[in-house]
1. Using DSSP to define loop residues, name the trypsin sites (Lys or Arg not before Pro) in segment 1-87 whose beta-carbon has at most 10 other beta-carbon atoms within 10 Å.
2. Please list, ordered by chain and number, the residues whose modelled amide H lies under 5 Å from the amide H of residue 36; skip anything fewer than 5 residues away on the same chain.
3. With Cα extents along the principal axes in Å in mind, check [x] 78, 26, 25; [y] 56, 30, 21; [z] 48, 31, 29 and report the label derived from this structure.
4. For Cα pairs less than 8 Å apart in space and 6+ apart in sequence, what is the mean separation divided by the residue count of the chain, i.e. the relative contact order in percent?
5. Provide the gained length on full extension for the span residue 27 to residue 68, in nm with one decimal, where the gain is 0.36 nm per separating residue minus the Cα-Cα distance.
6. Work out from phi, with θ = phi - 60° and the Karplus expression 6.51 cos²θ - 1.76 cosθ + 1.60, the ³J(HN,Hα) of each residue of segment 50-64, listed in order in whole Hz, and give x for Gly and Pro.
Amino acid sequence: MELPKGLQGVGPGSTAETLLWAVASALHAGNAPITGQLTAAAEKNPAVWLNTCQPLCRAFVVTDEDIRKQEERVQEVRKKLEEALLADLVSRNSDNSKDSLENGSEF
């Protein structure tokens, strides 16, 4: 999984994996939007976690362009899923037709 470039962790040993876990936990556990740490104090001293409702990452903004790109990716994946499901359905119908013919039964 790729994190957006604007989403950057704060603190020692911060990795993409720990940032992903922190954001996922914040999304799962709370109802508030994820904004990151809004104060520069977290940059100066990462040991001070000023807003415990937010993951330990730099403040970020989601733009309309980010949303548009994500919507395009979702549409592409939905189209691929639709194609795969249709191909599977055709394949299953073809297999059922062959089985019926081999067994001498009709549809």
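1. Working: sites: 5, 44, 58, 68, 69, 73, 78, 79, 80; in loops: 5.
Loop-located and lightly packed - 5.
2. none
3. [x]
4. Numbers: 77 pairs, mean separation 25.8, N = 107.
Computed over the chain, the figure is 24 percent.
5. Working: separation 41, 0.36 × 41 = 14.76 nm, distance 2.07 nm.
This chain segment gains 12.7 nm when fully extended.
6. 7, 10, 6, 7, 10, x, 7, 9, 5, 4, 8, 10, 8, 8, 4
FYI, it's all coordinate maths here, none of it is from the lab. Note that the coordinates shown come from a computational prediction; the quantities given were computed from them, not determined experimentally. All Cβ positions, even for glycine, are placed from backbone atoms using ideal geometry, and neighbour counts span all protein chains on display.
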